[in-house]
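Report on the structure given below.
Taken together, the values in this text are just the output of simple stated rules run on the coordinates, not laboratory data. All values derive from a computational prediction rather than experimental measurement. Positions of Cβ are backbone-derived with ideal geometry, glycine not excepted, and every protein chain shown enters the neighbour counts.
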Amino acid sequence: MTTTYAVLSEGLEKRFGDVHAVRGLDLAVAEGTVCGLLGPNGAGKTTAVRLLTTLLHPDAGSARVAGHDLVREPAEVRRKIGVTGQHASVDGDLTGRQNLRLFARLHRIRDTAARAGELLDRFGLTEAADRMASTYSGGMRRRLDLAASLIRRPDVLFLDEPTTGLDPESRGRIWEEVRALKKEGTTVLLTTQYLEEADRLADDIAVMDRGRIAHTGSPAQLKALIGSYAEVLVAHPDALVKAAGVVDRLTGSEPSLDLDRNTVGAVTTDATLTLPRLVRELDAAGVPLLDASLKPPTLDDVFLRLTGGFPDSDRTDSKELAA
Ligand SMILES: Nc1ncnc2c1ncn2[C@@H]1O[C@H](COP(=O)(O)OP(=O)(O)OP(=O)(O)O)[C@@H](O)[C@H]1O
Ligand SMILES: [Mg+2]
């Protein structure tokens, strides 16, 4: 079976004066999948989304989005996509219902009342429907935003940091919605700084760094690339060397010994190494064991390794403080 791509871009570039925000974006998102575009502040995620949704004109490169050429057929692309921007696009001086009816009218939907009602219901906003959106909580606003971007059942949905600043419950609701959309066949490209979010939602993750895709793969592949971390705690420092020998043999990498904590640790990319096996082998070697663990890497580890940066390192920018 050949894969159909909902988004396929090649060498997209965008400069803002001296800032080369996107420097050759090659991205492939298979139809019906969720792609997580992960990157630190300023990596170019929003610019990438704005390019792919025709809100910005690329300086170079090309892309097909939802079956149409981005540059030559922007109107067709627009008709098939939905976008939720990083910052709320709903009007605070209108009620939730009025906002959705306005969006529906802009999209030439005939029964604006019915469509608005349907979406308010789906997003749990029926009770608050006739209140000004300015009185909504952050999570409610985000849901209203998301509802607005779905007004015309897009084939491809772009979500720019859909859960930034939300509490865990609101975040969970958005996650559920993304999963539901995927089930309905919508392709979703979401940007995020939350590694956990990409890990949970995305079929594929593209790690973006300084305007380029630094790496792509499934969450599992990205983790496998980094390996897992084995650590054993021995009962007595005398046993450290013996434990290190076993760990070395099993992980295939040089262990580090911590003489204060009585631990030996090593990274391994050997997927056949399991915790029971680690414990068994240490036992067999006569190592007095107090504890052992084999931890899969977090996407934080993946990020550090692949980009040399950390997504939250300069997170207290003015935007965040204002939020
Ligand atoms: N309209 C603009 N004019 C000038 N520079 C811009 C503009 N939009 C973005 N940039 C710059 O382009 C770079 C990429 O910005 P972009 O907003 O795409 O990053 P991002 O990955 O979305 O970051 P964040 O996580 O903070 O949302 C940054 O250096 C930014 O300052
Ligand atoms: Mg952004």
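Contact annotation: residue pairs with Cβ atoms under 8 Å, 6 or more positions apart or on different chains, pairing a residue in the range 84-97 that is in contact (Cβ under 8 Å) with a residue 40 or more places away in the chain with a partner that is more than 14 Å from ligand 2 (Cβ to nearest atom) and assigned to a loop (DSSP other than H, G, I, E, B), are Gly96/Val90; Gly96/Leu125; Gly96/Ala128; Gly96/Ala129; Gly96/Asp130; Gly96/Arg131; Gly96/Tyr136. Of all residues in the range 265-277, which are touching a Leu at 6+ places or on another chain (Cβ under 6 Å) and buried (at least 17 other Cβ atoms within 10 Å of the Cβ)? Residue satisfying the conditions is Leu273 alone. Residue-level check: of (1) part of a strand (DSSP E or B); (2) of a type outside the set (S, T, N, Q); (3) crowded, with 16+ Cβ neighbours inside 10 Å, Arg50 misses just (1). Only a single criterion out of (1) surrounded by 21 or more Cβ atoms within 10 Å (Cβ to Cβ); (2) touching a residue at least 40 places away in the same chain (Cβ under 8 Å) is not satisfied by Arg152, namely (1). Among the candidates Gly39, Gly44, the residue that is near ligand 1 (Cβ under 8 Å from one of its atoms) and either closer than 17 Å to Ile81 by Cα or in contact with a Gly (Cβ under 8 Å, 6 or more places away or on another chain) (or both) is uniquely Gly44. What do you reckon, is Arg115 surrounded by fewer than 20 Cβ atoms within 10 Å (Cβ to Cβ) and either in contact (Cβ under 8 Å) with a residue 40 or more places away in the chain or out of contact with any strand residue (DSSP E or B) (no Cβ under 7 Å at 6 or more places or on another chain) (or both)? No, not satisfied. Each residue in the range 275-295 was checked for being touching a helix residue (DSSP H, G or I) at 6+ places or on another chain (Cβ under 9 Å), under 20 Å from Ile226 (Cα atoms) and not hydrophobic (A, V, I, L, M, F, W, C), and 1 pass. Return the residues of the range 53-96 that are outside any strand (DSSP E or B), of a type in the set (A, V, I, L, M, F, W, C) and within 16 Å of ligand 2 (Cβ to nearest atom); say none if nothing qualifies. The answer is Leu55, Leu56, Ala88.
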